[in-house]
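These notes are about the structure you will find just below.
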Amino acid sequence: MVTGESALAWGIFLAVLSGLMNGVFTLPMRFLGRWAWENVWALFILVSCVLMPTVMALATVSRFEDILRMAPTRVIVFAAVAGFAWGFGAIMFGQGVSAIGISMANTLVLAISSSLGSFLPILILAPERLLQPQGGAIVLGTVVAILGICACGYAGFLRERSEENQDAKKVRGDMVGQARPFWVGLLLCTGAGLLSAVFNIGYSSAQELIAVATRLGNSPFAGSNMVWLLMLTSGAVANLAFCAYLFRKNRSWTKYYNQNVSPLYALAILMGLLWGGSIFVYGAAAPRLGKLGPAIGWPLSLTMGLLTANLCGMLAGEWKLSRRKERVWMLVGLAILLVAIIALGWSSTLA
């Protein structure tokens, strides 16, 4: 018999696991430099945004057609549109990781998406709450997050300046894609963070679809899988279209047939399994966390993602050629962001 405490413990464990998976999924990009960016990203998107959502929905959802027929059309359309818009954010994120590295890109995107992921939904869906204690806490957490982003951004500018005379191969290793000026990477990550918040709005607005699925005998987890299917496959359209454009422009499709590419296929597929898995693992965690879900699971998962991504970046040598000054600024920024995430998680208890 599963007790409430046991379910809560499992929920916390799964939220931590989700954060770990989300923080580590970009690490294989450090070893995929023999492929063009579009080779890696197309395979990653096929696994995480097409195959996994389809398999999960088929495995867990019953009365699939009835759910789509009974759910409000506006909910289905909005979820699909939000997913399509998020797809461009995923493109920006993938390009941002190639441009400025695992730790910096993940830190900026997770920070922006976590703060705006709380602020934008309440601004758009319930602006009157901004004058209530919860709204004030969200605004405070967002302001703190902006300070942390500024500190991390300053660390990035300092790192770029200290590495500008270094051998590019030493700095990037075998990272897929091409290096860009830090300000370009910053813009890419900002766009990715903003559109990640749109993804959160789309999911929040699709709760009626989950309710319909539940009324027809499905679990809330299965209902969430319906939403993921709509949003992720819509996002895949934007990503795969961009990859097709790059395939044609760079004539890089043939790289899939080069010799000794089996390890590259394995790493790209692993990326998809880790990121896609992080979504479904968190989907399994949320029902077990009950009312404590927003307060415990969300900030816990984001915190683990931030810490894991930065650890991966350090292990991959992204900061080995930087000076102590920029490392200190990065750590300060990271500490501020962790405070912001905790504050934003606490704000959910004030609803």
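Of the residues Ala213, Ala236, Ala206, only one is small (Gly, Ala, Ser) and at pLDDT 95 or above; which? Walk me through how you get there before you give the answer.
Working: Ala213 fails: at pLDDT 95 or above; Ala206 fails: at pLDDT 95 or above.
None of the other options fit; the residue is Ala236.
Within region 122-137, residues that are modelled with pLDDT of 75 or more and surrounded by 11 or more Cβ atoms within 10 Å (Cβ to Cβ) have Cβ atoms under 8 Å from residues that are assigned to a helix (DSSP H, G or I) and of a type in the set (Lys, Arg) in these pairs: Gly135/Arg129, counting only partners at least 6 apart in sequence or on another chain. Can you spot a residue in region 202-224 that is surrounded by fewer than 21 Cβ atoms within 10 Å (Cβ to Cβ), free of Cβ contacts under 8 Å to residues at least 24 places away in the same chain, of a type in the set (A, V, I, L, M) and over 24 Å from Ile112 (Cα atoms)? Within region 202-224 (the criterion being surrounded by fewer than 21 Cβ atoms within 10 Å (Cβ to Cβ), free of Cβ contacts under 8 Å to residues at least 24 places away in the same chain, of a type in the set (A, V, I, L, M) and over 24 Å from Ile112 (Cα atoms)), the answer is yes, since at least one residue qualifies.
For region 239-248, the count of residues that are crowded, with 19+ Cβ neighbours inside 10 Å and farther than 26 Å from Phe84 by Cβ is zero.
Taking every residue in region 78-107 that is over 27 Å from Glu318 (Cα atoms) and without any contact (Cβ under 8 Å) to a residue 12 or more places away in the chain and pairing it with any residue that is acidic (Asp, Glu) and buried (at least 24 other Cβ atoms within 10 Å of the Cβ), at least 6 positions away or on another chain, yields no pair with a Cβ-Cβ distance below 9 Å. None of Thr73, Thr3 is polar (S, T, N, Q), surrounded by fewer than 22 Cβ atoms within 10 Å (Cβ to Cβ) and modelled with pLDDT of 90 or more except Thr73. When region 249-279 is limited to residues that are surrounded by fewer than 17 Cβ atoms within 10 Å (Cβ to Cβ) and in a loop (DSSP other than H, G, I, E, B), the one that is nearest to the chain's Cα centre (by Cα) turns out to be Val261. Residue pairs whose Cβ atoms lie under 8 Å apart, sitting 6 or more positions apart in sequence or on different chains, and linking a residue in region 310-330 that is more than 19 Å from Asn22 (Cβ to Cβ) to a partner that is modelled with pLDDT under 80 and among the β-branched types (Val, Ile, Thr), are Leu321/Val171. Taken as a whole, the condition of being under 17 Å from the mean Cα position of the chain (by Cα), at pLDDT below 85 and farther than 20 Å from Gly223 by Cα applies to Met304.
So which residues in region 104-121 are farther than 18 Å from Ser301 by Cβ and modelled with pLDDT under 75? The answer is Phe119, Leu120. The C-beta contact set for region 251-271 (first residue closer than 20 Å to Leu51 by Cβ, second residue surrounded by 16 or more Cβ atoms within 10 Å (Cβ to Cβ) and among the polar types (S, T, N, Q), distance under 7 angstrom, 6+ apart or interchain) comprises Tyr256/Asn39.
So is Tyr282 within 21 Å of Gln178 (Cα to Cα) and assigned to a helix (DSSP H, G or I) or not?
Details: within 21 Å of Gln178 (Cα to Cα): no; assigned to a helix (DSSP H, G or I): yes.
So Tyr282 does not fit the description; no.
The values are calculated or read from the model by the stated rules, or taken from the named source; none is laboratory data. It should be emphasised that the depicted structure is a prediction, and the values quoted were computed from it without experimental measurement. All Cβ positions, even for glycine, are placed from backbone atoms using ideal geometry, and neighbour counts span all protein chains on display.
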